[in-house]
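Colleague: Sharing a structure with you now.
The values are calculated or read from the model by the stated rules, or taken from the named source; none is laboratory data. None of the values given here were measured: they were computed from a predicted structure. Please note: Cβ atoms are built from the backbone with ideal geometry, for glycine as well, and neighbour counts cover all protein chains shown. Accessible surface areas use protein heavy atoms only, side chains included; no ligands, DNA or RNA. Shrake-Rupley method; radii C 1.70, N 1.55, O 1.52, S 1.80 Å.
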Amino acid sequence: MGLFFGLVISMVGYNFFIFLSTKSVSYLYYTLYVFFYGLFFGSLQGFCQRFLFPSDPWFNNSGIALWAGLAELFVCLFTINYLNLKDNSKFLYKIFILLCMTSSMVFLLSPFVPYGIAVKFYIINV
């Protein structure tokens, strides 16, 4: 697991450096996607509870839906931007905008609804 999280951290750093040097928003979206997916996977495996948020039970329980919703939002934004869907495919662009809205709903509702409901929203969205 150390190799996996080391790779996640190195991917975040590397792509953020490329974003700073090229100013391409696609790299920022990809960096945020990898970062939040790493937090999602770390929370799922219990590493965030042990190392990042040892005294905050909300992030350890309900934060999984928050991280998952944010990861899904940024992967959709990355796809829209990288593939230039607005110009290349109006149909796919509309689908991905809908996915952006529903994944935003997942992470915005996660602090206010019970964990079971937030995870159901996430599963439906996936």
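Colleague: Ignoring any ligand, DNA or RNA, what whole percent of the accessible area of region 23-122 comes from carbon and sulfur when the probe is 1.4 angstrom?
Modeller: On region 23-122, the fraction of accessible area on carbon and sulfur atoms equals 69 percent.
Colleague: Now a separate question. Under 8 Å for C-alpha pairs, at least 6 residues apart: give me the relative contact order for region 55-126, rounded to a whole percent.
Modeller: Once normalised by length, the contact order is 45 percent.
Colleague: Oh, and also: Between residue 91 and residue 10, what length in nm is gained on full extension when 0.36 nm per residue of separation is reduced by their alpha carbon distance?
Modeller: Additional length available on full extension: 25.7 nm.
Colleague: Treating the beta-carbon of each Lys and Arg as +1 and of each Asp and Glu as -1, no other charges, what is the dipole magnitude of region 2-126 about its Cα centre, to the nearest 20 debye?
Modeller: The dipole of region 2-126 has a size of about 200 debye.
Colleague: Moving to a separate point now. Give me the one-decimal nm value for the distance between modelled label points at residue 109 and residue 83, 7 Å along each residue's Cα-to-Cβ direction.
Modeller: 2.5
Colleague: Now a separate question. For the chain, what is the relative contact order in percent, using Cα pairs closer than 8 Å and at least 6 residues apart in sequence? Don't skip to the answer; put the middle values down first.
Modeller: Working: 135 pairs, mean separation 28.9, N = 126.
For the chain, the relative contact order is 23 percent.
Colleague: If the reach is capped at under 27 angstrom between alpha carbons, list the lysines near residue 86, excluding any in the same chain fewer than eight residues apart.
Modeller: Counting by Cα, and skipping residues close in sequence, residue 86 has these lysines nearby: 23, 94.
Colleague: Quick one: if you stick a label point 7 Å off each Cα along the C-beta vector at residue 52 and residue 124, how many nm between them?
Modeller: 2.6
Colleague: Whenever you get a sec, line up 67, 58 from highest to lowest accessible area (probe 1.4 Å, protein heavy atoms).
Modeller: Heavy-atom accessible area, descending, gives 58, 67.
Colleague: What Kirkwood hydrodynamic radius do you get for region 29-85 when you take the inverse of the mean 1/r over all pairs of distinct Cα atoms, in Å?
Modeller: 11.6
Colleague: Enter the accessible area per residue of the chain (Å², integer; probe 1.4 Å; all protein chains in place).
Modeller: I get 61 Å² per residue for this part.
Colleague: In the chain, which helices (entire DSSP H runs) extend 18 Å or more along their own long axis, judged by Cα positions, while averaging at least -1.0 on the Kyte-Doolittle scale?
Modeller: Helices meeting the span and hydropathy rule in the chain are 2-22, 25-45, 63-82, 90-109.
Colleague: When you take every Cα atom in region 1-114, what is the radius of gyration, and what is Dmax, the widest Cα pair distance, in Å?
Modeller: Rg, Dmax (Cα atoms, Å): 15.4, 47.
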